[in-house]
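To start, the structure under review is shown below, and the notes come after it.
The values are calculated or read from the model by the stated rules, or taken from the named source; none is laboratory data. Predicted, not measured: the structure shown is a model, and the values here were computed from it. Cβ placement follows ideal geometry from the backbone for every residue including glycine, while neighbour counts extend to all protein chains displayed.
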Amino acid sequence: MSGATHGASWRKLLAIVLQVGVHVGALLPVLWLFVAINRGDLGGDPVKELIHYLGMGTIRLLLLTLLISPLARVLHFGQLNRLRRPLGLWCFVWASLHFSAWLGLDLALDWSLIGSELVQRTYILLGFSAWLILFALAVTSLPALMRKMGKQWKKLHGLLYLVVLLACWHFWWSVKSGWIEPAIYTALALLLLWWRRQAVLRWLKSFR
Amino acid sequence: MLIKSPSRHTLTEAQTTPESAYVSRRQVIAGLGAGIGGLLLARNSYGLDLFGSDTPKAAPRKPLDFAPQKPAPALTLTPEAKVMNHNNFYEFGTGKTDPAENSQGLKTEPWTLTVEGEVEKPATVDVWKLMSEIGLEERIYRMRCVEAWSMVIPWVGFELGKFLTRFAPTSRAKYVAFQTLYDPEQMPGQRNRYVGGGVDYPYVEGLRMDEAMHPLTILSVGLYGKTLPPQNGAPIRLVVPWKYGFKGIKSIVKIRLVEKMPPTSWNKMLPQEYGFYANVNPAVDHPRWSQASERFIGPGGLFAVKRQDTLPFNGYGEEVASLYSGMDLKKFY
């Protein structure tokens, strides 16, 4: 155990670097989008692609978020868990951008149409539910609230498992054709949930 | 016969997006791909960097002689650059910019079109020869995609009906079946199911005989005064303005007149979502989204969003509604 202290500080540093990496990695593409839009660089008709891009980014971020805990466990690298909050918040940011692009750019803030689409279209309702949950998770992500809410916080934040599945389902039903890509993402989500099945089961049991 | 040179001035407003706008978007998208700690693996639609350079190797387009439409309908045109960079042509990938990126090498010359089946004079015609002799006319049409976006496109072409009479259809000809080129070597979507969005190729479409003979139905060989870009279905494609865009089969190699309703690609794949008729109808929603309104892709940037009501038969009801009198359009969608 002679290298333990040395190893610990090295790991701490790595965790900080990774944390910065998460922020930079999640922010840069968004900045790029804004710069590109302002310069008119997206040309053609980028609305659909913009929405898809933001949606795909959200799903990938969600999967990445789910990857952290089990990875920290097998690597015996607890500090990795610090990445969960920023990643989760970025999931919410990307989901919100995806949602607002749909509201503002696709449906042009036509509220009656938005209302009827939300109610009538199952895949939109699925995505909206996922966003609502992410919203609840984001506003309760403050450490102070986490302590205050205690067990309830854990119950609430376990809903991320549901969000990931809802997001995949939303993706699957939204594509015009071709099931392969959504199937790959769904399989990845299920794999990640299986990897942490004990935590998922614990979470499910907490509702008894 | 009135043959006039295409004059750009007949297209009123400044309808062009600066080329820099769409050319450099590839670079932007390429930059985006680097994000999210490498997890944002580029989708196939972001992979190719054809537009990364300032000079996209666009397939050459030839100017056409045609009779301009008079009077031109009072419609705002979709800029040419948007017509050419927002396409559904799954043979070249499912992303909206995939066709523009992946189709520029399509060999469209020479090109033959075979007309067969219930006709007295079946024949194979040289499409480029046909283009020069048939007498082309401009048709400025609304184009409504089943995905709830729309454009207004100045096509150049000729009436399908007049063309078909050359082959002397028999009395048994009740439907017209169309087929796109099948060439997996040139069409990556036909090589790979994933790239091609799961469509069973070759792409096939069909019309009822009276729909095919209707004067609004055209075979188009050009847009904005020049021959079609590959991504828009070069060298010859169908345009049926009162139907959803997917009926407008591209890069046609075969037309067969038949007695029974022919299979159509989207209907084969998802029969509960796409019917044979596919008439634009704001009252009949797609199972997964509303068809009551549409996003018009016009001039202007990203935030110049225009949502407009979708019109029955895409605004051509006066001309074509009678074709469907007595039919339950909710059932025959």
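Numbers for the structure displayed
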quantity	calculated
Selection count, segment A:55-68, where residues are more than 7 Å from chain B (Cβ to nearest Cβ) and buried (at least 23 other Cβ atoms within 10 Å of the Cβ)	5
Residue selected from segment A:142-188 under the condition modelled with pLDDT of 95 or more and of a type in the set (S, T, Y), by the criterion farthest from B:W266 (Cα to Cα)	A:Y161
Checking A:W102 against (1) part of a helix (DSSP H, G or I); (2) surrounded by fewer than 20 Cβ atoms within 10 Å (Cβ to Cβ); (3) over 16 Å from the mean Cα position of the chain (by Cα); (4) more than 10 Å from every other protein chain (Cβ to nearest Cβ), the condition it does not meet	(2)
Pair list, Cβ under 7 Å, 6 or more apart: segment A:148-159 residue surrounded by fewer than 16 Cβ atoms within 10 Å (Cβ to Cβ), other residue among the charged types (D, E, K, R) and modelled with pLDDT of 90 or more	none
Within segment B:313-333, tally of residues that are under 21 Å from the mean Cα position of the chain (by Cα) and either within 11 Å of chain A (Cβ to nearest Cβ) or surrounded by 17 or more Cβ atoms within 10 Å (Cβ to Cβ) (or both)	6
Pairs, first more than 8 Å from every other protein chain (Cβ to nearest Cβ) and within 21 Å of A:F92 (Cα to Cα) in segment A:5-34, second surrounded by 13 or more Cβ atoms within 10 Å (Cβ to Cβ) and of a type in the set (A, V, I, L, M), C-beta under 7 Å, six or more apart	A:L18/A:L83; A:Q19/A:L83; A:V30/A:L97
Of all residues making up segment B:176-192, the number that are surrounded by fewer than 16 Cβ atoms within 10 Å (Cβ to Cβ) and in a helix (DSSP H, G or I)	1
Set B:V221, B:V284, B:V195: member being of a type in the set (A, V, I, L, M), part of a loop (DSSP other than H, G, I, E, B) and buried (at least 20 other Cβ atoms within 10 Å of the Cβ)	B:V195
Candidate set from segment B:227-271 (those that are among the hydrophobic types (A, V, I, L, M, F, W, C) and assigned to a loop (DSSP other than H, G, I, E, B)); member that is farthest from B:T217 (Cα to Cα)	B:L270
B:A304 surrounded by 16 or more Cβ atoms within 10 Å (Cβ to Cβ), within 14 Å of chain A (Cβ to nearest Cβ) and without any contact (Cβ under 8 Å) to a residue 24 or more places away in the chain	no
Segment B:136-174 - residue that is of a type in the set (D, E, K, R) and outside any loop (DSSP other than H, G, I, E, B) and, of those, surrounded by the most Cβ atoms within 10 Å (Cβ to Cβ)	B:R144
Segment B:139-193, residues that are under 30 Å from A:E117 (Cβ atoms) and not basic (K, R)	B:Y141, B:M143, B:C145, B:V146, B:E147, B:A148, B:W149, B:S150, B:M151, B:V152, B:I153, B:G189
Subset of segment A:105-123 [of a type outside the set (S, T, N, Q) and within 8 Å of chain B (Cβ to nearest Cβ)]	A:L105, A:D106, A:L107, A:A108, A:D110, A:L113, A:E117, A:R121, A:Y123
Boolean, B:L302 is within 19 Å of the chain's Cα centre (by Cα), assigned to a loop (DSSP other than H, G, I, E, B) and under 29 Å from B:A74 (Cβ atoms)	no
Of the criteria (1) aromatic (F, W, Y); (2) within 14 Å of chain B (Cβ to nearest Cβ); (3) surrounded by fewer than 15 Cβ atoms within 10 Å (Cβ to Cβ), which one A:F135 fails	(2)
So B:F276, is it in contact (Cβ under 8 Å) with a residue 60 or more places away in the chain and either buried (at least 20 other Cβ atoms within 10 Å of the Cβ) or assigned to a loop (DSSP other than H, G, I, E, B) (or both)	yes
Restricting segment B:79-89 to residues that are more than 8 Å from every other protein chain (Cβ to nearest Cβ) and not in a loop (DSSP other than H, G, I, E, B), the residue that is surrounded by the fewest Cβ atoms within 10 Å (Cβ to Cβ)	B:E80
Yes/no for B:G245 being at pLDDT 95 or above, under 14 Å from B:V146 (Cα atoms) and within 14 Å of chain A (Cβ to nearest Cβ)	yes
Matching residues in segment B:93-135 - criterion: being over 29 Å from B:D65 (Cβ atoms) and surrounded by 20 or more Cβ atoms within 10 Å (Cβ to Cβ)	B:G93, B:T94, B:G95, B:K96, B:T97, B:D98, B:E101, B:N102, B:G117, B:E118
Selection count where residues are more than 14 Å from every other protein chain (Cβ to nearest Cβ), part of a helix (DSSP H, G or I) and hydrophobic (A, V, I, L, M, F, W, C), scope segment B:93-133	4
Among the residues listed as A:T122, A:T65, the single one being among the hydroxyl-bearing types (S, T, Y) and over 20 Å from A:V175 (Cα atoms)	A:T65
